[in-house]
Amino acid sequence: MSAMIEATDVARHYEIGQGMFRDVATLKAVAGATFSVERGRTLAVVGESGSGKSTLARLVTMIEPPTAGRLVIDGHVVGEGVHSATEAAELRRLVQIVFQNPYGSLNPRQKIGTILEEPLVINTKLSMAERRDKALAMLEKVGLRPEHYARYPHMFSGGQRQRIAVARALMLDPKILVLDEPVSALDVSIQAQVLNLLADLQEELGLTYVFISHDLSVVRFVADEVLVLYLGRPVEITSAEAVFRRPLHPYSRALLSATPVADPRRKRQNIKLTGEIPSPIRPPSGCAFHPRCPYARNVCVETRPPLYEFEGAEVACHGIAEGWIDPDAGWGESAA
Ligand code: ADP
Ligand code: MG
């Protein structure tokens, strides 16, 4: 089975001017990411603000090309060779994105029907009546009613607006949805409804999801695999079940420590994240997490760890690879 998304050392750099002499510095928002997502599965991408999640989302959505590396989507190599205009358009419609802000992402002057039909006007030759039918069918799919077709975005709650944003993203029958913090702006009580809708749509339509969140607890119920991103690099890629049962990388442990405990009887070692995420303009040497890691040794300062295979997971940590961080005892006892 071939993967729906295959990324190999994918990077996105920005040249940014800084200071009064306008030196140009390179900011590596995504510094090198290797991962894949199987058809019909959900990869969650988690990390603090500034870790490169939205940049990765823009690469997968082909809003921006990678600076380096190879990105293959549904068998097409992104940006390689010259895509014909039609091939590029076909490839684009395969992947759609839903953003965090349900207030900013819908044009307030357009009725819902117009918003939903816009992608069809641009990309298809469907008649007005066909477009309307499709929009009405999609409203029903996302749990809204036919009368909503003629209403404006301000007449809807945040949760309903996110349903509309999802409906719009599905109008061109994409295979992949990139969801960039899709429920982060919603009340907790509404979050579950939208997550359930996404799960139902995934099953019904066979969609592949890249689900981005700074909040691990949200990911628990939607992800098959979890990619933990730190300063533009994956530090752990594993099953969702494994990352909650036994997070390996100290950064994954720290993120999990920050989420509410599901089972309060379970003894957890809390790694508190201290300080800010460093600037990706001048990332720390070696393992970029070392200044904040309670286990860090000299090797961590000197050498950047690659992703190692470790009991079915991939983890970029010297301590785990070399055995001086105990993957089991470390979780439940105090840090060295
Ligand atoms: P996240 O979504 O995880 O918060 P982002 O991908 O938005 O992270 O940003 C990662 C880093 O890249 C940040 O330091 C951010 O300031 C920087 N960055 C993002 N987009 C740009 C851009 N267009 N130009 C310059 N820097 C950017
Ligand atoms: Mg973001």
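The values are calculated or read from the model by the stated rules, or taken from the named source; none is laboratory data. Everything quoted here is computed from the prediction, not taken from an experiment. Every residue, glycine as well, gets a Cβ built from its backbone with ideal geometry; the counts of neighbours run over all protein chains shown. Keep in mind that these areas ignore ligands, DNA and RNA; they rest on the heavy atoms of the full protein, side chains included. Shrake-Rupley method; radii C 1.70, N 1.55, O 1.52, S 1.80 Å.
Assorted remarks:
- Some residue of the range 255-272 being away from ligand 2 (no atom under 16 Å from the Cβ), assigned to a helix (DSSP H, G or I), out of contact with any strand residue (DSSP E or B) (no Cβ under 8 Å at 6 or more places or on another chain) and open to solvent by less than 20 Å² (accessible area, probe 1.4 Å): yes
- Residues located in the range 167-205, provided they are in contact with a Pro (Cβ under 8 Å, 6 or more places away or on another chain) and in a helix (DSSP H, G or I): Arg168, Val194, Leu198
- First in the range 49-77 and closer than 30 Å to Glu276 by Cβ and open to solvent by 60 Å² or more (accessible area, probe 1.4 Å), second anywhere and among the small types (Gly, Ala, Ser) and away from ligand 1 (no atom under 15 Å from the Cβ), Cβ under 9 Å, 6 or more apart: Pro65/Gly79
- Of everything in the range 41-84 that is among the small types (Gly, Ala, Ser) and within 16 Å of ligand 2 (Cβ to nearest atom), the residue that is nearest to Tyr251 (Cα to Cα) is Gly47.
- Residues (free of Cβ contacts under 8 Å to residues at least 40 places away in the same chain and part of a loop (DSSP other than H, G, I, E, B)) located in the range 78-123: Val78, Gly79, Glu80, Gly81, Val82, His83, Ser84, Gly104
- Criterion violated by Pro291 - all others in (1) open to solvent by less than 60 Å² (accessible area, probe 1.4 Å); (2) modelled with pLDDT of 90 or more; (3) more than 26 Å from Thr42 (Cβ to Cβ); (4) not acidic (Asp, Glu) satisfied: (1)
- Residues being surrounded by 15 or more Cβ atoms within 10 Å (Cβ to Cβ), out of contact with any Gly (no Cβ under 6 Å at 6 or more places or on another chain) and not in a strand (DSSP E or B) - total across the range 1-48: 7
- Filter result (within 16 Å of ligand 2 (Cβ to nearest atom) and either under 15 Å from the mean Cα position of the chain (by Cα) or of a type in the set (Lys, Arg) (or both)) within the range 1-27: Arg12
- Matching residues, the range 200-217, being open to solvent by 10 Å² or more (accessible area, probe 1.4 Å), more than 13 Å from ligand 1 (Cβ to nearest atom) and within 19 Å of Val60 (Cβ to Cβ): Gln202, Leu205, Gly206
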